[in-house]
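Below is one structure, written out as structure tokens, with a few remarks after it.
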Amino acid sequence: MSDTARSKLQRILSEGHLAVTSECGPPRGSDPEAIKEKAEMIKDYVDAVNVTDNQTSVTRLCSMAACIHLKLMGVEPVLQMVTRDRNRIAIQSDILGAASFDIPNMLCLSGDHQSFGDCPQGQNVHDIDSMQLVQTVRMMRDEGKFLGGAEIKRPPNMFVGAAANPFADPFEIRVPRLAKKVAAGTEFIQTQCIYNLDKFEEWMKGVCDRGLHEKVHILAGVTPFKSAGMAKFMKKRVPGMDVPDEVVKRMSDTPKEKQPEEGINICVESIERLKSVEGVHGFHIMAIEWEGKVPEIVERAGLYPRPKID
Amino acid sequence: MIIAEKKPIEEIIGYVDDCGKLLILGCNECVTVCEAGGKKEVGILASALRMYFLNQGREVKIDEITLERQCDHEYLEEIRDVADQYDAIVSLACGVGVQFVAEKYHSQRVYPGVNTCFLGATEERGRWSERCQACGTCILAYTGGICPIARCAKRLLNGPCGGSSNGKCEVNPELDCAWQLIIDRLKALGRLEDYEKLLEIKDWSTDRAGGPRKVVREDLQI
Amino acid sequence: MRLTYPTSLRIIRVPCSGKVDIIHILRAFEKGADGVCVIGCREGECHFKTGNFRARRHVEQAQTVLDTIGIGGERAMMYNLSSGDGPLFAKYAEEIYEKIKALGPNPIRRQKKHAA
């Protein structure tokens, strides 16, 4: 396996540093500049950058092409892949395609339902689910085999991640669900945005009690609020999102012009508190259409400079 | 059973507007139970069409027959002697019945009078919901008797996804999250640990993916 | 009481308004009726609990079909009335008569006559 395919994110985590990742949503057009600009803003402040795969089912430039743009500018990408739009042939083929560009990380997801996007009349595929996608990449990487059993020449070499939402229902199976993802072969987890820290800590305690934190690197997901309106929207409209009343109140009690700053404050305070939670190995900062703020958050949270790994 | 919904009368008129003699053919099975294509619905459609044509100043002869089933040779034979007297047959059976009529009466125009929706059950009168997608390899033994293929919007085999909220699906707040139902049921059975078994990648070749399916029972054939 | 009501209304007695199905309403129009009114017991006073609600649904179903085929859904209607209330019946009968008169004859009858 060529060295270039080795994941920096994996090495940072395995050396015991707190990792920092962020994400870029590709544009709704073919101009790559949008993604390059976003990456340029954050590249020195994060270890890897996720590229979303038609998030919320809205058609965009494909994740793989955007990952290649990042890779070419020296930024380490995390290829997000959803099972909504591809059957097992396309999935394996795309994994090989990504591996041919030595894209070193992959995040396996089922994807938002198409009814939320710009093609609500489309079919969804869901030939396999996100856990089975993890199994698929691991089989291709570790056994060097396709799902059909044939051998792969130059198997893909990817660090394999998945998402976890500690706040969705039913809560009692959220730890078992993580255990299942770990059993499927997940090596790192990026969580849903955390606003309810008490609940997150309760979940993490369950994770540690089962020793899962020793088997998988958990990156805590954070998203700064730009405004009180955004906080209210996330609380009311985004399924599986847990925004406590006091957080919404803190945003609403802040004068409008100071709200963005307060949003960043909350985010930085959250990271500070999460740093001391056992099993948290890093942070996934999702500054939605606000990538310019990532450097400030990383710096203020004491996560800068990023470790140098050869 | 198979759940179907009546097609709008305008659509049916569009198919048969040029006809002078019509047969409305009902089915006594599933479509009768879901009140889309039984004897009663045949009467309603026939009456409505007669009035439509009369209102256009045309007298179209419309006959009504409801068979025991339209998916069996022996019952479809009952219209053998009359089938060719009509300019067209509107079948109110499910898609299976419509096709069987078309196969059997090869040179006869046959139109569907219902939209065939899914395999489901009656929750209460006027309310039916899906339960099965006939994937051909039943997994209900592993999922507490609740099918995630038919009832999860993403047919996740190892769900629930992150959009499960208060027992409901993110796609539609009126829809139960199939995985919440599965977890509740496993808990009631005292078998919550079953959830942690990873369900394998599914063989969809017994589903639609494998092409049109057939069940052959040689032990039954003579 | 010697109440009067329009003579062109024909009364058909049924055991319960819920017994009147959509097909009965449609058949009446097919045979040339200019209007059909189902009169059920007052809501909440059905001897069979929901017969009058069922009747209302049947009338609504008939209205949809009649609108679709160009006869006009407003020709089918539903009233609720206590069986002991003769004066109100006479008032409703007058109202029904006026409504139907305003709508004119059933177009099918016109076409039938035209054809003949």
query = Does A:Ile12 satisfy being in a helix (DSSP H, G or I), at pLDDT below 95 and either charged (D, E, K, R) or crowded, with 17+ Cβ neighbours inside 10 Å (or both)?
reply = no
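Hand me the list of strands (runs of 3 or more DSSP E) wholly inside the stretch B:1-105 holding 3 or more residues that are over 20 Å from C:Gln61 (Cβ atoms) and in contact with a Gly (Cβ under 8 Å, 6 or more places away or on another chain). Walk me through it before giving the result.
On the way: elements: B:2-6, B:21-27, B:61-67, B:88-91.
Those strands (runs of 3 or more DSSP E) span B:61-67.
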task = Inspect the stretch A:148-160 for any residue being surrounded by fewer than 17 Cβ atoms within 10 Å (Cβ to Cβ) and not in a loop (DSSP other than H, G, I, E, B) and give the result as yes or no.
result = yes
note = Of the conditions (1) within 30 Å of A:Asp242 (Cβ to Cβ); (2) within 14 Å of chain A (Cβ to nearest Cβ); (3) touching a residue at least 12 places away in the same chain (Cβ under 8 Å), the single one that B:Asp207 does not satisfy is (1)
request  = Taking A:Lys180 as meeting all but one of (1) within 30 Å of A:Asp242 (Cβ to Cβ); (2) away from chain B (no Cβ under 13 Å); (3) of a type outside the set (Val, Ile, Thr), write down the number of the exception.
outcome  = (2)
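Answer yes or no: is there a residue in the stretch A:117-131 that is over 30 Å from B:Ala178 (Cα atoms), more than 13 Å from chain B (Cβ to nearest Cβ) and not aromatic (Phe, Trp, Tyr).
no
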note = Across the stretch A:188-230, the tally of residues that are crowded, with 22+ Cβ neighbours inside 10 Å and small (Gly, Ala, Ser) stands at 2
remark   = Condition set polar (S, T, N, Q), in a loop (DSSP other than H, G, I, E, B) and modelled with pLDDT under 95, scope the stretch B:138-176, selection nearest to A:Leu178 (Cα to Cα): answer is B:Ser164
query = Which of the residues belonging to the stretch B:140-187 are facing chain A (nearest Cβ under 9 Å) and of a type in the set (S, T, N, Q)?
reply = B:Asn158, B:Ser164, B:Ser165, B:Asn166, B:Asn172, B:Gln180
query = Which of the helices (runs of 4 or more DSSP H) contained wholly in the stretch C:13-116 include at least 1 residues that are in contact (Cβ under 8 Å) with a residue 40 or more places away in the chain, buried (at least 17 other Cβ atoms within 10 Å of the Cβ) and away from chain B (no Cβ under 13 Å)?
reply = C:86-103
message = Which of the numbered conditions does B:Cys147 fail, given that it passes all the others? Conditions: (1) under 22 Å from B:Ala209 (Cα atoms); (2) touching a Phe, Trp or Tyr at 6+ places or on another chain (Cβ under 7 Å).
response = (2)
key: Condition met for A:Asp102 (among the acidic types (Asp, Glu) and within 10 Å of chain B (Cβ to nearest Cβ))   = no
inquiry  = For the stretch B:188-198, which positions are more than 12 Å from every other protein chain (Cβ to nearest Cβ) and either of a type in the set (Asp, Glu) or farther than 19 Å from A:Arg174 by Cβ (or both)?
reply    = B:Ala188, B:Leu189, B:Gly190
inquiry  = Just to be sure before I move on: is B:Cys117 within 28 Å of C:Arg57 (Cα to Cα), under 20 Å from the mean Cα position of the chain (by Cα) and either modelled with pLDDT of 95 or more or within 9 Å of another protein chain (Cβ to nearest Cβ) (or both) in the structure I sent?
reply    = yes
key: Residue, surrounded by the fewest Cβ atoms within 10 Å (Cβ to Cβ), within the stretch B:116-137, restricted to residues that are free of Cβ contacts under 8 Å to residues at least 40 places away in the same chain and not in a loop (DSSP other than H, G, I, E, B)   = B:Glu124
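The values are calculated or read from the model by the stated rules, or taken from the named source; none is laboratory data. Source: prediction; values computed, not measured. As a convention, Cβ positions derive from the backbone with ideal geometry for all residues, glycine included, and neighbour counts pool all protein chains shown.
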